[in-house]
Amino acid sequence: KTKIVEFAEKNQWGTAKITYRLRDWLISRQRYWGCPIPVIHCPKCGIVPVPHADLPVILPEDVELTGRGASPLAQKDSWVNISCPKCGSAAKRETDTMDTFIDSSWYFLRFADARNDQEIGDRNSINNWLPVDQYVGGVEHAILHLLYSRFVTKVLRDRGLLDFNEPFTRLLTQGMVQGLTYMNPNKSGKDKWVPSALVDPKDPKDPKTGEPLQALFATMSKSKGNGVSPVEAIAKYGADTLRMFALFKAPPEKDLEWEDADVEGQQRFLNRVWRLVSSFAEIKQSGISDKIDRNLRRAIHIAIKEISEDFDGGYQLNTAISELMKLSNALQDTEDKSSATFQEGIETLLTLLAPFAPHIAEELWSLIGHIESIHSQSWLTYDPDALTVDEITLVIQINGKVRGSLQVPSSASNDKQALEEYARSSSAAKRYLEGKEIKKVIAVPQKLVNFVVG
């Protein structure tokens, strides 16, 4: 295609042209609830805009909503009939209202100057607050709504009402929540869906016919009867547990399959955190030592680094929660739970947990003696020096098979000659190399030394 265009332009019988498959946007709706279209139909002057002094057009409140026929506004003669603002002749208001897409295509601009009753918003305020840094929406918004928002923003830019080209800097299209769903393959339409509440999960059968049902995960909806009541789930597990489950189960852009077993898994994790911090609160009363645990401190700052990157990168919140679990395990496995490093670890765990489980984090933060809210604390930054490793584990292989390992100084981790000397002196190498000819030595920096023997 590119070569054809280049050939056409070279021979001067054609040029490249971009075409857009755009059609007129029909914005009128025969509804009462909607933004009035501010025009008047005059038999002499045609379509006349409502004068600026008469804006905004206010919808009448005493209308009859029957759900039949034309727009309810068309039946309100006292509102419809009006004089033409241009010639004074008898005229009629426009009775259609605007599609709600019109409103949703610029509402975000209004946040910058919401109480301005003279214009769409102060230009300086809009330019100061916008464009939106992060837009989060369902996949159903990913085409029309975003297209319309971009269109409206560019129109307002061309009119000099704002200075930016795009309404949103970043977009995150979230996945849907799916529930365990039962379907009767012998039925069709809505009748094939059987509400989960009527089915025994151990023996799924149609309660009306006794026929076996197919189990699958599908987007929660009333028609499928596969929804989970948020109120009941919060009452059973707590809001923090549900937040943790939803964020851990899948990346935000993927669909999420609701399973009680996974919810309970997050509840167990939060219970472990509760016991860990509660135990430390008692230990703290006896005093904290100045002892520094380098291995634990490394785990602490790895967690800070990884979780910060998960937030800043692509909102990989499920992997961030995995890092919280790793830090929790490292704290649990620490022998000295009265050291300054352990206290740093507990406070770090709670600070990193706060965005995910705000209520439990706040309660435990207070339990260990803090007065100010954990949510007013600054976000943590990791110490690069804490990430350095004094030693590495060097794997010893004989003909590609692992025969042992040993700890060597990290300063030698990239020195192949030094790694070979450490490996030769190891007990594993001495045992497996005795009486054998070494034909080749393969040293992989920071990882292993492999002796090839005959």
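Summary table
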item: Selection status of I102, aliphatic (A, V, I, L, M), closer than 30 Å to T219 by Cα and either assigned by TED's automatic domain parsing to the domain that holds P51 or in contact (Cβ under 8 Å) with a residue 60 or more places away in the chain (or both); result: yes
item: Matching residues, segment 1-33, being surrounded by 10 or more Cβ atoms within 10 Å (Cβ to Cβ) and closer than 14 Å to M98 by Cα; result: W25, I27, S28, R29, Q30, R31, Y32, W33
item: Count of residues meeting criterion [more than 12 Å from I47 (Cα to Cα) and surrounded by 15 or more Cβ atoms within 10 Å (Cβ to Cβ)] in segment 79-93; result: 3
item: Matching option when the condition is in contact with a helix residue (DSSP H, G or I) (Cβ under 7 Å, 6 or more places away or on another chain) and of a type outside the set (F, W, Y), among L161, L146; result: L161
item: Set L65, L73: member being in a helix (DSSP H, G or I) and within 30 Å of Y148 (Cβ to Cβ); result: L73
item: Of residues in segment 305-360 being of a type in the set (A, V, I, L, M) and in contact with an Asp or Glu (Cβ under 6 Å, 6 or more places away or on another chain), the one surrounded by the fewest Cβ atoms within 10 Å (Cβ to Cβ); result: A340
item: Qualifying residue in segment 173-183 (condition: among the β-branched types (V, I, T), more than 19 Å from V228 (Cα to Cα) and loosely packed, with under 12 Cβ neighbours inside 10 Å); result: no
item: Residue satisfying condition, being in contact (Cβ under 8 Å) with a residue 24 or more places away in the chain and in contact with a Phe, Trp or Tyr (Cβ under 6 Å, 6 or more places away or on another chain), within set L146, L171; result: L171
item: Residue count, segment 359-383 (criterion: touching a residue at least 60 places away in the same chain (Cβ under 8 Å) and more than 24 Å from I283 (Cα to Cα)); result: 5
item: Elements of type strands (runs of 3 or more DSSP E) in segment 390-454, at least 3 residues being under 44 Å from the mean Cα position of the chain (by Cα); result: 391-398, 401-409
item: Qualifying residues in segment 127-153 (those that are among the hydroxyl-bearing types (S, T, Y) and farther than 16 Å from L26 by Cα) - the one surrounded by the most Cβ atoms within 10 Å (Cβ to Cβ); result: T153
item: Residues of segment 209-226 that turn out to be crowded, with 17+ Cβ neighbours inside 10 Å and at negative phi, as a count; result: 5
item: Condition met for V194 (over 25 Å from G121 (Cα atoms) and either at pLDDT 90 or above or surrounded by 14 or more Cβ atoms within 10 Å (Cβ to Cβ) (or both)); result: yes
item: Out of L73, L59, L109, sole residue that is under 30 Å from V136 (Cβ atoms) and in contact with a helix residue (DSSP H, G or I) (Cβ under 9 Å, 6 or more places away or on another chain); result: L109
item: Filtered residues of segment 16-32 (kept if in contact with a helix residue (DSSP H, G or I) (Cβ under 6 Å, 6 or more places away or on another chain) and closer than 27 Å to R150 by Cβ); result: A16, I27
item: Only listed residue being closer than 17 Å to T341 by Cα and of a type outside the set (A, V, I, L, M, F, W, C), chosen from K254, K284; result: K284
item: Count - residues of segment 97-146 that are on the phi > 0 side of the Ramachandran plot and among the aliphatic types (A, V, I, L, M); result: 0
item: Residue among G287, G225 that alone is outside any helix (DSSP H, G or I), over 28 Å from T173 (Cα atoms) and either at pLDDT 90 or above or not charged (D, E, K, R) (or both); result: G287
item: Residues that are part of a helix (DSSP H, G or I) and surrounded by 18 or more Cβ atoms within 10 Å (Cβ to Cβ), drawn from segment 363-385; result: L364, W365, I374
item: Residues of segment 174-200 satisfying the condition of being free of Cβ contacts under 8 Å to residues at least 40 places away in the same chain, of a type outside the set (F, W, Y) and part of a strand (DSSP E or B); result: M183, V194
item: Y422 vs. criteria in contact with a strand residue (DSSP E or B) (Cβ under 8 Å, 6 or more places away or on another chain) and not hydrophobic (A, V, I, L, M, F, W, C); result: yes
item: Test: A281 is in a helix (DSSP H, G or I), over 21 Å from the mean Cα position of the chain (by Cα) and under 28 Å from N226 (Cα atoms); result: no
item: Segment 315-345, residues that are touching a residue at least 40 places away in the same chain (Cβ under 8 Å) and either among the hydroxyl-bearing types (S, T, Y) or outside any helix (DSSP H, G or I) (or both); result: Y315, Q316, S322, S328, T334, D336, K337, S338, S339, T341
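Residues are listed down the side, and each one gets a yes or a no for (1) of a type in the set (D, E); (2) in contact with a helix residue (DSSP H, G or I) (Cβ under 9 Å, 6 or more places away or on another chain):
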site	(1), (2)
P355	no, yes
I360	no, yes
L364	no, yes
I368	no, yes
I371	no, no
H375	no, yes
A386	no, yes
D390	yes, yes
I396	no, yes
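The values are calculated or read from the model by the stated rules, or taken from the named source; none is laboratory data. Just so it is clear, the model here is predicted, and its values are computed rather than measured. Virtual Cβ from ideal backbone geometry, glycine too; neighbours counted across all protein chains shown.
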